Each structure stands twice: as C-alpha cells, then as structure tokens.
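Before any comments, here is the structure.
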Amino acid sequence: MAPRWGLGAVMVLIVAAAAVAGEIPRAERRSGYEFMSRDTRAMQDDDTANPAMLWVLEGEALWKAKAGAAGRACADCHGDARTTMKGVAARHPAFDPARGRPINLEQRIMACRVDRQEAPPLAYESRELLALAAFVALQSRGLPIDVTVEARMQPFVDAGGATFHRRQGQLNLSCSQCHDDHWGRKLAGNVVPQAHPTGYPLYRLEWQGLGSLQRRLRGCLTGIRAAPYEYGVPELVDLELYLMSRAAGMKMDAPAVRP
Amino acid sequence: MAGALINAPERAKRGEIIEIKTLISHPMETGYRRNQSGVRVERDIVRLFVCSYNGTEVFRAELHPAIAANPFIVFSTIATESGALAFQWTGDNGFSVTESHAITVD
C-alpha cells in the first residue's frame, strides 16, 4: 500500500530538489570579477591598465563621427552619451516594437545605424561595433542590471531559460549544470563562474581582445561540443535576456576584464 | 585604428620618482601561428618603445613575439624639469605611434 504514494512523494521530492538546485540564492550571487585573481582585478580596476578602454576611446570617436547617407553622428541625436546613455546597457536586451521581440545592445546600435544614419550595417564582433557597444556600456558602470520583464517579454525570458536548462551537445550538458550547480569549482584549472553578464563587452585575456556576450556564449557551446548558434539569432538574444534577468540588481562593471 | 592610453602625473615635485603607465592598441601577431588553411600568419608586432623626457631618452624597451596583444608598459623616472614626455612605439609594417604628455615640475 505504501509504494503507491511513496513513489509520488519521491517524485515530488526530486522535482523540489531540482527546483532548489536550479537557482542561486540572491545573497550568493557573485560577479565573475569576484572569482578573478588579484592581478586580473587590478587590471580591470585601473582604466589605464584595462585594455578594453582602448575600444572605449575608439567608440567615443565613432560616437561623434558622422556616418551614412543621413550624415548624422550618434551624438547629433543622442548628445552627450555620459547622460543620455546612462543605464542603457543595463536595460538590454530590451523589447523592440518594430521587430516584436527583444534585441540586444549591439542590435540596438545597428538598428540606429541602419535606420537613422542610413549607413551600411557593421558585422557582429567587428571592431567598430564592439567599440560603440563598449563606449555605451561604460555609461552603465556601477548601475544595477535592470532588464524589464513584463508580459510581452516573459515568453522570451522563458525561452532563454529553457535553453539555459536544456542539455545539449556531444557532452550532453546544460548551462545550468555548470553555472548553477557547480560554480566555484574548477574546470581545467579555471574557476567555474556563475555566468552573470555584468561586464560585456569585455576584454578576455584568452581572446587577446574585446568580445561580446554572444561570443562568450558561442565559446561555451563549442566547449560542450554543441553546434553554436549564429550571431544575432533569437535563441542567443533570448539566452542573453534570461541571463540578464537572472542577474537583475547586480552591478554592471563593463567594460570588464576576464581571464 | 591605433590608440594609446597614458597615465602619468601632470604635476610633480623636483626629484620625485614618478610612475608612468602606457597602453598601446596592437594585435602583436607572433608570426608563428598558422591560419585555417595552414598558411603562416605574417609577424606583426611592436618592436620598440622609447620614452623621451624633454628630448632625453629615459626609457627604452625592445618587444618580442611572446608579448601579449595591447602591450602595457609601466616604468618610472625622476621628475627633473617641466616639459613634455614623448612616447614612441614602432613596429612591423611601418607601425608608428607617438603620444606626448605635459608635466609641470615645481
């Protein structure tokens, strides 16, 4: 007689355990910065030692440069980025009514470039696009991540969450198996961080250059031997959105340095 | 697009040891790597960095392929007189960047 409800109770317990293991408590959330060595932290803390600032410098020049058939610079509409772009990176991916779905910061910059400046689009991970994104992201430094999760955004957050928890690739791993369940432990000598996107675009020592969150996500996917999504596809933007909502309230430290 | 960041004091006391930090944008391609079709990628590095203080050379560094991209060079000198610190990076493929930093010594 016991076995029948006993199995049910076990299943409830398993489901409950899975739900608990799947979430990092708010008080235990830590930025990748906190897992870094003292030397790498020092590199990020000093703006003249942080190589990402070279891109920021370039981004500032591009911000003021006229481009495209419209002959307009970013600054002609948006003015001083220090005030107008404050907090913008912390709010992306954000809902774009024209496309009926969320777009990330790079796509927002590109939409402006193509529609308002009437300039040819920049390639993902191109130096110019990363420079502009880094310059815009710098204006959110120290501000809490604040993506809007409202009714029309919810399906996309859920889709991103499903991707985060879905096992994939030849190694049959999900993102959450490393970043929710085993953060703080070592993977090939490196600490597994919690995957909070607080500092993108960031300078990764391994890349010897600046890269976007999507580049990082594609690197992870290759690591679990899954076919990486192409840059800019909805799946990656949804995953970005999920990660940002998961890190809501954490302080931005873009453009960061990571090992 | 080449850019450089300099962090050095704008004012200093005579005889004071000042720290100068420099960061230059450069890929530092070693010349040992091969691309996806097996062809060797040409070396492209910064070969020499020189800092002059009012025309007198105070620091010189030769760079080699093992140095990471965007070389960050920190050194110190003694503040002797007001004037300018001139920085020059030269390298492969005619790479040349100059920067200058004014300093007041009292």
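Can you go through B:Ala61, B:Ala69 and tell me which one is touching a His at 6+ places or on another chain (Cβ under 9 Å) and either away from every other protein chain (no Cβ under 12 Å) or surrounded by 12 or more Cβ atoms within 10 Å (Cβ to Cβ) (or both)?
B:Ala69
Has segment A:102-125 got any residue that is polar (S, T, N, Q), assigned to a helix (DSSP H, G or I) and within 15 Å of A:Gly232 (Cβ to Cβ)?
There is at least one residue in segment A:102-125 that is polar (S, T, N, Q), assigned to a helix (DSSP H, G or I) and within 15 Å of A:Gly232 (Cβ to Cβ).
Given B:Thr90, B:Thr80, B:Thr56, which one is closer than 20 Å to A:Leu54 by Cβ, away from every other protein chain (no Cβ under 14 Å) and hydroxyl-bearing (Ser, Thr, Tyr)?
Answer to the check: B:Thr90.
Can you tell me which condition A:Ala69 does not meet? The list is (1) touching a residue at least 24 places away in the same chain (Cβ under 8 Å); (2) aliphatic (A, V, I, L, M); (3) crowded, with 16+ Cβ neighbours inside 10 Å; (4) assigned to a loop (DSSP other than H, G, I, E, B), and all the others hold.
(3)
Exactly one of (1) surrounded by 15 or more Cβ atoms within 10 Å (Cβ to Cβ); (2) within 14 Å of chain B (Cβ to nearest Cβ); (3) charged (D, E, K, R) is unmet by A:Glu206. Its number?
(1)
Values in this text are rule-based calculations from the coordinates and carry no lab data. Worth saying up front: this structure is predicted, and the values here are computed from it rather than measured. Note: ideal-geometry Cβ built from the backbone for every residue, glycine included; neighbour counts use all protein chains shown.
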